[in-house]
Amino acid sequence: MTLRQREPRQHNEKHLKYIRTLPCVVCTNPICTEAAHVKMSAPGKRNVGIGEKAHDRWTVPLCSVCHRRQHNWGEREFWKTVCIDAIALATELFAVSGDHEAGGMIVQRHNEQSLRLQHV
C-alpha cells in the first residue's frame, strides 16, 4: 500500500484579498465576505484530505453566515442545495483575479443561475 504524501498548499494572499472584496455568491451580502476554500475534488483538482485546505486558487466569496453553513452542512450538500458549481466559480474568479468588475459580474451570474435553479 502506498500512502499519498500531502501536497504543500499554494498560498496566494493577493487572490484571497480579492475574493474578500466580492459579495457572497449565495446571499449577495457585500459585508464580512470570507474566502471559502472548496475542498471537494473535480477534474483537474485533487480531493483535499482531512485537516488540509485547498490551494488558495480554489476559493469563493461567502459571507460569514453562508461560510458557516458550508462547514455545518458539509460541502457537497451545501453546494448542491444552493445550486452553485463552486469549482467552476473558483476557476472563473481565479482567471480574473484582481479585476473587481469582472469578479462581481461572475458572482452575480452564478447567484442568478442559482436562484433560477432553486425555483425550478
- prompt: Out of curiosity, is residue 42 of a type in the set (A, V, I, L, M, F, W, C), surrounded by 15 or more Cβ atoms within 10 Å (Cβ to Cβ) and at pLDDT 90 or above?
  reply: no
- request: Please work out which residue is surrounded by the most Cβ atoms within 10 Å (Cβ to Cβ), limiting yourself to segment 21-34 and to residues that are over 12 Å from residue 110 (Cβ atoms) and in contact with a Pro (Cβ under 7 Å, 6 or more places away or on another chain).
  value: 33
- request: Hand me the list of helices (runs of 4 or more DSSP H) wholly inside segment 58-116 holding 3 or more residues that are crowded, with 17+ Cβ neighbours inside 10 Å and touching a Phe, Trp or Tyr at 6+ places or on another chain (Cβ under 8 Å).
  value: 86-95
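The values are calculated or read from the model by the stated rules, or taken from the named source; none is laboratory data. The shown structure was predicted, so the numbers you read here are calculated from the model rather than taken from an experiment. All Cβ positions, even for glycine, are placed from backbone atoms using ideal geometry, and neighbour counts span all protein chains on display.
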